[in-house]
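The values are calculated or read from the model by the stated rules, or taken from the named source; none is laboratory data. Note that the structure is predicted; figures quoted are calculated from it, not measured. Cβ placement follows ideal geometry from the backbone for every residue including glycine, while neighbour counts extend to all protein chains displayed.
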Amino acid sequence: MSSNIVIPRGHSDSLLEHNGGPERAGETLAILGCGVMGTAILLGVLSAQASHLKTDGANLLPNRFKACVRRSEWADGIRSKLPPQTLESTVALHMNDNVAAVEGADMVILACQPHLFKPILEEPGMAAALQGKLIMSVLAGVTSDEIENHLQTVLPRGAFSVIRAMPNIASAVQASSTVLEARPPQHQQPLPRHFVATAHAIFSCVGAVFITQPVTFSICTTLNGSTPAFFAMVIDGLVDGAVALGLSRQEATQMAATTMRGTAELIMSGKATQDLRYEVACPGGATMQGLRTLEEARTRAVWMDAMRASTSGQSGLSEGIMVQRKVA
């Protein structure tokens, strides 16, 4: 059974430290596929830097960025979220110009749709540009070995280092839960320690960071990456119920989201979920009647099934089996 370790911002992880501090992976980060997730990470890191957020390895963070997109509307979307001075001095936009962006970068986040990673890596000059650089993959359903092996087929004698990560959409507001994959000690190609430290520093900018083993990574991908959509559905249902009873949608949304955040804080502070339920639900009270309705609907079993379905659904993503939405 693997151990999952949470590393909150502002606390050191001795596994990532060197005597005298780790060396830098570089100053420039390229994000290949700067769509929803890539933009969320970019905004989160920029926001953390602007607010001078103290994170471990702050000296390892990039200070220049290259955002790579395929469509002009995505480039316009990024422009609309950044002040002009940031675009002039810190963030460069690249449209259909991936190789040039990677050549000018020291580290890369691979954030395209999973089924597009092979064509991107096969672009002329891409494998050579990635050689020896830190590659962080946020692709669901694609292992680090798959990416490294594919790069090896393109450039057989190349040396590639891929760290698998799964943040979530809350990266944009520095409230993500991100899981990093720990490479087993027996792996034939250990990752440079300063690469691991750099990845940890980057994702610490956008929230809490967890470490897990490859065997549990797909579960963590669902728990970290998919559940914001699940939680949004919970809020939707609660809001619809409140609106049906006469509350305005805006008020209901703010109240439900604030209550969910407060409940999460209680659980994070150590409150057991069962204790929380029964502290709120008095015997024979209104809350207990609501809980009974949820139990009759097999709500917990439905969430268990959703976790299983999302985790199982990750297989085949790299081959484009699922219907894909528009990509960056």
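I'd like the full set of residues that are buried (at least 17 other Cβ atoms within 10 Å of the Cβ) and not in a loop (DSSP other than H, G, I, E, B), limited to region 150-168.
Answer for region 150-168, where residues must be buried (at least 17 other Cβ atoms within 10 Å of the Cβ) and not in a loop (DSSP other than H, G, I, E, B): His150, Leu151, Val154, Ser161, Val162, Ile163, Arg164, Ala165, Met166.
Residues in region 209-226: is at least one in contact with a Cys (Cβ under 7 Å, 6 or more places away or on another chain), assigned by TED's automatic domain parsing to the domain that holds Glu146, surrounded by 12 or more Cβ atoms within 10 Å (Cβ to Cβ) and modelled with pLDDT under 95?
Yes: region 209-226 contains one or more residues that are in contact with a Cys (Cβ under 7 Å, 6 or more places away or on another chain), assigned by TED's automatic domain parsing to the domain that holds Glu146, surrounded by 12 or more Cβ atoms within 10 Å (Cβ to Cβ) and modelled with pLDDT under 95.
Test Gly141 against the criterion of being touching a Leu at 6+ places or on another chain (Cβ under 6 Å), surrounded by fewer than 24 Cβ atoms within 10 Å (Cβ to Cβ) and not in a helix (DSSP H, G or I), and give yes or no. It would help to see each step written out before you state the result.
On the way: touching a Leu at 6+ places or on another chain (Cβ under 6 Å): yes; surrounded by fewer than 24 Cβ atoms within 10 Å (Cβ to Cβ): yes; not in a helix (DSSP H, G or I): yes.
Here the answer is yes, as Gly141 does meet what is asked.
So, in region 111-132, how many residues would count as being touching a residue at least 40 places away in the same chain (Cβ under 8 Å) and either on the phi > 0 side of the Ramachandran plot or surrounded by fewer than 20 Cβ atoms within 10 Å (Cβ to Cβ) (or both)? First the steps, then the outcome.
The first filter runs over region 111-132 and keeps only residues touching a residue at least 40 places away in the same chain (Cβ under 8 Å), leaving 111-118, 120.
From the residues that got through so far, the ones that are either on the phi > 0 side of the Ramachandran plot or surrounded by fewer than 20 Cβ atoms within 10 Å (Cβ to Cβ) (or both) too are 115-116, 118, 120.
Final tally of qualifying residues: 4.
If I ask for residues that are within 13 Å of Ser177 (Cβ to Cβ) and out of contact with any helix residue (DSSP H, G or I) (no Cβ under 8 Å at 6 or more places or on another chain), which ones from region 213-227 would you list?
Within region 213-227, Cys220, Asn224, Gly225, Thr227 qualify.
Between Ile163, Ile169, which is assigned by TED's automatic domain parsing to the domain that holds Val45 and modelled with pLDDT of 95 or more? Full working, then the answer.
Working: Ile169 fails: modelled with pLDDT of 95 or more.
On inspection, the qualifying residue turns out to be Ile163.
Here is a yes/no grid of residues against (1) of a type in the set (Lys, Arg); (2) farther than 21 Å from Gln49 by Cα:
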{"position": "Ala170", "(1), (2)": "no, no"}
{"position": "Gln174", "(1), (2)": "no, no"}
{"position": "Thr178", "(1), (2)": "no, no"}
{"position": "Glu181", "(1), (2)": "no, yes"}
{"position": "Arg193", "(1), (2)": "yes, yes"}
{"position": "Thr198", "(1), (2)": "no, no"}
{"position": "Ile219", "(1), (2)": "no, yes"}
{"position": "Asn224", "(1), (2)": "no, yes"}
{"position": "Ala229", "(1), (2)": "no, yes"}
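Taking the condition of being in contact with a strand residue (DSSP E or B) (Cβ under 8 Å, 6 or more places away or on another chain) and over 10 Å from Thr39 (Cα atoms), how many residues in region 76-85 meet it?
Here the count works out to 2.
For region 50-72, give me each residue that is touching a Cys at 6+ places or on another chain (Cβ under 8 Å) and at pLDDT 80 or above. Steps first, answer last, please.
Residues of region 50-72 that are touching a Cys at 6+ places or on another chain (Cβ under 8 Å), as a first pass: 53, 55, 61, 67-69.
Within region 50-72, Leu61, Ala67, Cys68, Val69 meet the criteria.
Against the definition (on the phi > 0 side of the Ramachandran plot and either of a type in the set (Lys, Arg) or in contact (Cβ under 8 Å) with a residue 60 or more places away in the chain (or both)), how does Arg298 come out, yes or no? Talk me through it step by step, then tell me what you get.
Details: on the phi > 0 side of the Ramachandran plot: yes; either of a type in the set (Lys, Arg) or in contact (Cβ under 8 Å) with a residue 60 or more places away in the chain (or both): yes.
Spelling it out, Arg298 is indeed on the phi > 0 side of the Ramachandran plot and either of a type in the set (Lys, Arg) or in contact (Cβ under 8 Å) with a residue 60 or more places away in the chain (or both).
Identify, please: which residue in region 180-190 is assigned to a loop (DSSP other than H, G, I, E, B) and within 20 Å of the chain's Cα centre (by Cα) and is, among those, surrounded by the fewest Cβ atoms within 10 Å (Cβ to Cβ)? Outline the logic, then answer.
Narrowing region 180-190 to residues assigned to a loop (DSSP other than H, G, I, E, B): 182-190.
With the extra rule that they be within 20 Å of the chain's Cα centre (by Cα), the set shrinks to 182-183.
Working: Ala182: 21, Arg183: 19.
Among those residues, the one meeting the criterion is Arg183.
Would you point out the residue of region 289-314, among those that are of a type in the set (Val, Ile, Thr) and within 30 Å of Val142 (Cβ to Cβ), that is farthest from the chain's Cα centre (by Cα)?
In the first step, residues of region 289-314 are kept if they are of a type in the set (Val, Ile, Thr); the result is 293, 299, 302, 311.
Now restrict to residues that are within 30 Å of Val142 (Cβ to Cβ): 302, 311.
Working: Val302: 24, Thr311: 16 Å.
Residue satisfying both the conditions and the ranking: Val302.
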